[in-house]
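Values in this text are rule-based calculations from the coordinates and carry no lab data. All values reported here derive from a predicted model rather than from experimental measurement. Please note: Cβ atoms are built from the backbone with ideal geometry, for glycine as well, and neighbour counts cover all protein chains shown.
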Amino acid sequence: MNEAESRDAAAPLPRFERWLTLWVAACIVAGVALGRVAPAPFHWLAGLEFAHVNLPVCLLIWAMIVPMLMRIDFSALSAVRVHWRGIGVTLAVNWAVKPFSMALLAWLFVRHVFGTWLPAESHDGYIAGLILLAAAPCTAMVFVWSQLVRGDPAFTLSQVALNDAIMIVAFAPLVALLTGVAAVTVPWATLIASVVLYIVVPLAIAQFARARLLGRGPLVLERALDALKPVGISALLATLVLLFAFQGEAILASPWVIAMLAVPIALQVALNAGIAYLANRRLGVMHCAAGPSALIGASNFFELAVAAAISLFGLGSPAALATVVGVLVEVPLMLAVAAIVNRTRDWYERSPALADPGRPRRRHAADRR
């Protein structure tokens, strides 16, 4: 790590980012209020979809993740092998723990803890929707979470690409096993469109921009990346406003149902993020990989879940509503996990497993803000 990177690693979060929780809360309130007061423009924006992928949200996600993808040097991508334990932990949590823990939590809370207050005829649908939500890890927003915890961009890209490959063969069998729906229809259009729109296209844009800027010198690239930092946070807040405006009517129509369904989702995120983070620390995985690993391990691919729920159970079904709750709580929950990962960095790096003199104590050279 060079001197500039060392200064960047030690630098505190900018004032705006330190108050991010406040801005998130304000954007949630603003989104619900705008969706209620002026629903027509948001209905129009919500209708701008391709294969159940909302295009305005997609553009905002590009604004969030392209700057991070511009940091990836493909000539150094082989260095990601140093994080093989972190990749193994994330895969285990995503595919062997998360879907099953959500099935258990959904059954416990929907049928028992909140069973009296939730409509009995909707129990099966709510459980199925929650399982769909957890059956596949997020593809797009994890790049944003990784950037917030100063994760290694190459690790994040490699992990997402590997998860997407597994998702193609594992999503349908997992859903069929846990929901009891024998003929699971995989929304291939949504899956393929998400991979193309959230990985292939922004990666191509980022690498093209990186090459052009590097052609003018490394300092030009660094200055451009510094200038783009506020764009990512602004796009994240704008995404929140849109998502909550799109679902403002559903929130106001069924606030208590949404609050009850949010409980197992929140517990599932906390459980799986905690398992991944602690396992990485125990195995001596560097923090620049452990942070993204915890966030990817806890994340949900809500676009795919919503599309699958509509395909299997119908637009107005309890399953579809449960996946919509995932859309609403994903961002605040993942921001909370990112904040915990950042605040516990010093504790994490005091792990005896990271005390090997031959192992970098702070971060990998690719780990930049």
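Below are the figures for this structure:
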| quantity | calculated |
| --- | --- |
| Failed criterion for P230 (all others in (1) over 22 Å from D73 (Cβ atoms); (2) in contact with a Pro (Cβ under 9 Å, 6 or more places away or on another chain); (3) surrounded by 15 or more Cβ atoms within 10 Å (Cβ to Cβ) hold) | (3) |
| Single match in W107, W117 (criterion: more than 17 Å from the chain's Cα centre (by Cα), without any contact (Cβ under 8 Å) to a residue 24 or more places away in the chain and under 27 Å from S254 (Cβ atoms)) | W107 |
| Long-range neighbours under 9 Å by Cβ, at least six apart or interchain, first residue on the phi > 0 side of the Ramachandran plot within the stretch 270-291, second surrounded by fewer than 19 Cβ atoms within 10 Å (Cβ to Cβ) and outside any helix (DSSP H, G or I) | G284/S351; G284/A355; G284/D356; G284/R359 |
| Residues within the stretch 140-161 that are of a type outside the set (D, E, K, R), outside any helix (DSSP H, G or I) and over 15 Å from Y277 (Cβ atoms), tallied | 1 |
| Condition met for A63 (in a helix (DSSP H, G or I) and farther than 28 Å from A308 by Cα) | no |
| Residues within the stretch 66-86 that are assigned to a helix (DSSP H, G or I), touching a Leu at 6+ places or on another chain (Cβ under 7 Å) and of a type in the set (A, V, I, L, M), tallied | 1 |
| Residue match in the stretch 202-213 (condition: over 25 Å from T323 (Cα atoms) and within 19 Å of the chain's Cα centre (by Cα)) | yes |
| Out of L191, L157, sole residue that is more than 15 Å from the chain's Cα centre (by Cα), surrounded by 15 or more Cβ atoms within 10 Å (Cβ to Cβ) and on the phi < 0 side of the Ramachandran plot | L191 |
| Selection count, the stretch 31-68, where residues are more than 23 Å from V231 (Cα to Cα), surrounded by fewer than 17 Cβ atoms within 10 Å (Cβ to Cβ) and not small (G, A, S) | 7 |
| All positions within the stretch 266-282 that are surrounded by 16 or more Cβ atoms within 10 Å (Cβ to Cβ) and not small (G, A, S) | Q268, V269, L271, N272, I275, Y277, N280, R281 |
| Selected residue (only one of V231, V220, V269, V241 is in a helix (DSSP H, G or I), touching a helix residue (DSSP H, G or I) at 6+ places or on another chain (Cβ under 8 Å) and over 25 Å from N342 (Cβ atoms)) | V220 |
| Helices (runs of 4 or more DSSP H) contained in the stretch 277-353 and holding at least 1 residues aromatic (F, W, Y) and within 23 Å of L130 (Cβ to Cβ) | 302-313 |
